[in-house]
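Data block below; observations after.
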Amino acid sequence: MQKKQIRTTLVAGIGILGALSLSACGAADTSSSGGKDDKVVLAEPSWVGAQANAAVVKKLMEDELDVKVEAKQMDEPVAFDALDSGKADAILEDWHGVPKKQKKYVDEKKTVVSGGDLGVVGHIGWFVPKYYADKHPDIKNWKNLNKYAKDFRTSESGDKGHFIGAAPSYSQHDKELIKNLKLDYKHIPSGAEAAQLKEIQRLYNAKKPFLTYWWEPQWMNNKIDMTEIELPKYTPGCEEPPAKAKCGYETNQLEKFLNADFAKGNSDAAKFIKNFKWTTKDQNEVAGNIAGKKMKPEDAAEKWIKANKSTWEKWLPKK
């Protein structure tokens with residue numbers, strides 16, 4: 001946080017066409033030396049937490065396993081197509097955002113397999129700043145949102161409350177939910193995650209009210225205090241089709257997925273990715289250094305690696 005409407009990955013850096021035009025030999029080039037992968041291709045989602053995953057994995061695999069790693073940024077639907085075809089070897093953070101493709105490739109074709117939990121719990125919801133919720137505690141229930149809609153009006157939303165939506169390519173059903181719950185708000189999507197975070201920081205610093213699509217893991221939660229709105233309870237399939245959605249979001253154990261042949265090859269690279277598991281705190285630390293402190297991903301990864309050897313040593317394949 002497509003994510004069943006949870007959240008999809010956005011292309012950043014390389015376009016979708018570039019990702020799809022990777023030659024099949026570009027992923028998991030395998031030498032004849034007993035299953036050692038010379039090169040591994042990671043499908044990398046656009047959000048900074050996924051960038052943190054890839055940066056740490058890339059740094060460690062190249063330094064400790066002598067495996068070249070290339071991170072290609074692509075949407076989740078494209079990533080699963082690439083995993084199916086062998087044009088990518090792994091995606092490190094999936095929010096269960098493409099259920100139809102997962103059913104096709106994981107359950108039916110069996111060309112893609114689970115790589116296990118990432119160790120990070122993903123959650124999406126609607127949030128307001130805590131300073132506003134403290135003054136208006138009943139806003140924490142969605143049924144009272146219309147009561148306060150006037151406080152959230154902006155020049156963009158007119159006579160309706162302004163709902164700060166996620167980047168358009170992030171899966172969501174907020175626009176439909178607002179309509180189906182008859183809420184007096186206008187869904188206004190953010191251009192990108194960076195733009196949304198910048199606007200939220202601006203409003204927060206000014207102590208102004210705002211209602212937004214928000215999620216965890218999110219490094220900025222270390223800097224601001226947010227309060228979640230209680231939406232109608234999520235039950236499996238309640239957001240499908242999106243046009244009829246009347247529920248909130250699922251909480252997920254974020255998962256890794258691997259190309260089946262890559263996984264079965266049992267190379268050190270495949271073993272490492274299966275073993276890779278860290279916490280929300282770990283991810284937020286690296287992500288915060290990338291997005292908050294503007295460190296290069298490789299530098300943020302190196303800083304975390306130097307301080308957490310006891311954690312990442314467990315990911316290395318046993319000799």
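The values are calculated or read from the model by the stated rules, or taken from the named source; none is laboratory data. As the structure is a computational prediction, the values presented were derived from the model and not from experiment. Cβ atoms come from the backbone with ideal geometry, glycine included; neighbour counts cover every protein chain shown. Ligands, DNA and RNA are stripped out before the accessible areas are found, and what is left, the full protein with its side chains, is counted by its heavy atoms. Shrake-Rupley method; radii C 1.70, N 1.55, O 1.52, S 1.80 Å.
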Fill in: Residues located in the range 253-301, provided they are assigned to a loop (DSSP other than H, G, I, E, B), open to solvent by 10 Å² or more (accessible area, probe 1.4 Å) and either touching a helix residue (DSSP H, G or I) at 6+ places or on another chain (Cβ under 6 Å) or small (Gly, Ala, Ser) (or both)
Met295
Fill in: In the range 107-116, the residues that are assigned to a helix (DSSP H, G or I) and either at pLDDT below 95 or within 26 Å of Asp268 (Cα to Cα) (or both)
Asp107
Worksheet item: So Ile139 fits all but one of (1) in contact with a helix residue (DSSP H, G or I) (Cβ under 6 Å, 6 or more places away or on another chain); (2) part of a helix (DSSP H, G or I); (3) more than 21 Å from Ile188 (Cα to Cα); what number is the exception?
Response: (3)
Discussion item. Regarding the range 117-135, can at least one residue be identified that is assigned to a strand (DSSP E or B), open to solvent by 30 Å² or more (accessible area, probe 1.4 Å), closer than 30 Å to Gly191 by Cβ and modelled with pLDDT of 95 or more?
Written reply: no
Item to complete: From (1) in contact with a Ser or Thr (Cβ under 6 Å, 6 or more places away or on another chain); (2) buried (at least 24 other Cβ atoms within 10 Å of the Cβ); (3) modelled with pLDDT of 90 or more, pick out the condition that doesn't hold for Leu92.
Response: (1)
Worksheet item: Which one of the conditions (1) part of a helix (DSSP H, G or I); (2) open to solvent by 10 Å² or more (accessible area, probe 1.4 Å) does Tyr249 fail to meet, given that it meets all the rest?
Response: (1)
Discussion item. Within the range 152-172, does at least one residue satisfy the condition of being of a type in the set (Gly, Ala, Ser), open to solvent by 70 Å² or more (accessible area, probe 1.4 Å) and under 17 Å from the mean Cα position of the chain (by Cα)?
Written reply: no
Item to complete: Look at the range 208-236 and say how many of its residues are open to solvent by 70 Å² or more (accessible area, probe 1.4 Å), in contact with a helix residue (DSSP H, G or I) (Cβ under 7 Å, 6 or more places away or on another chain) and within 20 Å of Asp138 (Cβ to Cβ).
Response: 2
Practice prompt. May I ask you to say which residue of Lys175, Lys186, Lys198, Lys147 is touching an Asp or Glu at 6+ places or on another chain (Cβ under 9 Å), assigned to a helix (DSSP H, G or I) and basic (Lys, Arg)?
Written response: Lys147
